[in-house]
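Beneath this line is the structure, given in structure tokens, with notes to follow.
The values are calculated or read from the model by the stated rules, or taken from the named source; none is laboratory data. Keep in mind that this is a model prediction, so the values were computed, not measured. We place every Cβ from the backbone using ideal geometry, glycine too, and count neighbours over all the protein chains shown. Please note that ligands, DNA and RNA were not included when accessible areas were found on the heavy atoms of the full protein model with its side chains. Shrake-Rupley method; radii C 1.70, N 1.55, O 1.52, S 1.80 Å.
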Amino acid sequence: MKFFLDTANIEEIKKANALGLLDGVTTNPTLIAKEGRPQEEVLREICRLVKGPVSAEVIGVAAEEMIDEGRKLAAIAENIVVKIPSTLEGLKAIRALKAEGIRTNMTLVFSLSQAILGAKVGADFLSPFVGRLDDVSQRGMDLIRDIMQTIRNYNFSSQVIVASIRNPLHIVEAALIGVPIVTVPYHVFDQLMKHPLTEKGIERFIEDWKKIPK
Ligand code: G3P
């Protein structure tokens with residue numbers, strides 16, 4: 001199970017990296033905007049720190065615009081993966097970039113039919129947004145189960161990234177389904193090892209240790 005961090009924040013990336021738990025990073029325009037610096041500058045810095053895939057998103061809506069942006073993003077570093085939205089124009093861009101050897105991550109996936117088309121044109125990664133589906137009363141993890149089943153049925157090469165994660169349960173469920181990658185916001189990453197009984201247990205052991213005659 002690979003852990004990507006869903007952030008463009010260098011400090012968060014450094015903290016996860018220091019634990020040896022970071023397999024990649026995903027960004028989007030919202031996350032880049034939070035950093036208040038030019039996208040290219042932020043991406044260069046992230047790619048210096050992280051050897052795994054670093055997703056960077058295009059803004060264009062027409063395939064030609066996406067292809068042009070995708071080429072520029074891919075030129076920043078060899079581990080850049082170009083994030084392309086799930087539209088028909090996006091499918092054209094994925095195909096074209098793939099033909100040039102540029103890896104793509106089809107993003108904003110909200111249905112199985114979108115995922116099938118992305119897998120058919122050869123997107124390297126598919127990013128279904130579970131949290132945003134939960135937000136509209138549709139079970140995000142049900143979509144993940146369906147996409148994983150379809151990928152297995154047809155032996156598609158696309159790798160699923162569970163995106164828009166809101167809590168540790170999304171990650172636990174992803175693990176049980178066998179999803180290869182989750183992209184985790186730092187605040188959720190931070191929750192994964194926390195358990196009140198562990199904290200309480202440590203405190204108790206420290207207190208009891210003091211009672212042992214030395
Ligand atoms: O990076 C894409 C996705 O993870 C965004 O998540 O929290 O904005 O729905 P969120």
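Just one of the numbered conditions (1) under 20 Å from Val188 (Cβ atoms); (2) within 16 Å of the ligand (Cβ to nearest atom) is not true of Glu57: (1). Total residues in the range 1-15 satisfying the condition of being over 14 Å from the mean Cα position of the chain (by Cα) and under 13 Å from Lys51 (Cα atoms): the figure is 1. Quick check on Lys2: is it open to solvent by 70 Å² or more (accessible area, probe 1.4 Å) and without any contact (Cβ under 8 Å) to a residue 60 or more places away in the chain? When the stated conditions are applied, Lys2 does not pass them.
Quick one: in the range 30-43, which of the residues that are under 18 Å from the mean Cα position of the chain (by Cα) and under 19 Å from Arg103 (Cα atoms) is surrounded by the fewest Cβ atoms within 10 Å (Cβ to Cβ)? That would be Gln39. Just one of (1) touching a strand residue (DSSP E or B) at 6+ places or on another chain (Cβ under 6 Å); (2) in a loop (DSSP other than H, G, I, E, B) fails for Met106. It is (2).
Report, by residue number, each residue of the range 54-75 that is open to solvent by less than 20 Å² (accessible area, probe 1.4 Å) and closer than 27 Å to Leu22 by Cβ. Val54, Ser55, Ala56, Val58, Gly70, Leu73 - these are the residues of the range 54-75 that are open to solvent by less than 20 Å² (accessible area, probe 1.4 Å) and closer than 27 Å to Leu22 by Cβ.
What do you reckon, is Val109 under 17 Å from the mean Cα position of the chain (by Cα), farther than 18 Å from Val25 by Cβ, β-branched (Val, Ile, Thr) and within 14 Å of the ligand (Cβ to nearest atom)? Yes; evaluated as a whole, the condition is true for this residue. Mind checking which pairs have a first residue in the range 92-108 that is open to solvent by 80 Å² or more (accessible area, probe 1.4 Å) and a second that is aliphatic (A, V, I, L, M), Cβ under 6 Å, 6 or more apart or different chains? Correct list of pairs: Lys92/Ala63; Arg95/Val121; Arg103/Val81.
Quick one: in the range 133-170, which of the residues that are under 30 Å from Lys194 (Cα atoms) and away from the ligand (no atom under 16 Å from the Cβ) is surrounded by the fewest Cβ atoms within 10 Å (Cβ to Cβ)? Once the filter is applied, the top-ranked residue is Asp142. The residue of the range 120-132 that is nearest to Ile181 (Cα to Cα), among those that are in a helix (DSSP H, G or I) and open to solvent by 10 Å² or more (accessible area, probe 1.4 Å), is Arg132. Among the residues in the range 143-159, are any part of a strand (DSSP E or B), farther than 16 Å from Asp6 by Cα and free of Cβ contacts under 8 Å to residues at least 60 places away in the same chain? Yes, the range 143-159 contains a residue that is part of a strand (DSSP E or B), farther than 16 Å from Asp6 by Cα and free of Cβ contacts under 8 Å to residues at least 60 places away in the same chain. Can you pull out the residues in the range 175-190 that are away from the ligand (no atom under 13 Å from the Cβ) and surrounded by 13 or more Cβ atoms within 10 Å (Cβ to Cβ)? Those that are away from the ligand (no atom under 13 Å from the Cβ) and surrounded by 13 or more Cβ atoms within 10 Å (Cβ to Cβ): Ile177, Val179, Pro180, Asp190.
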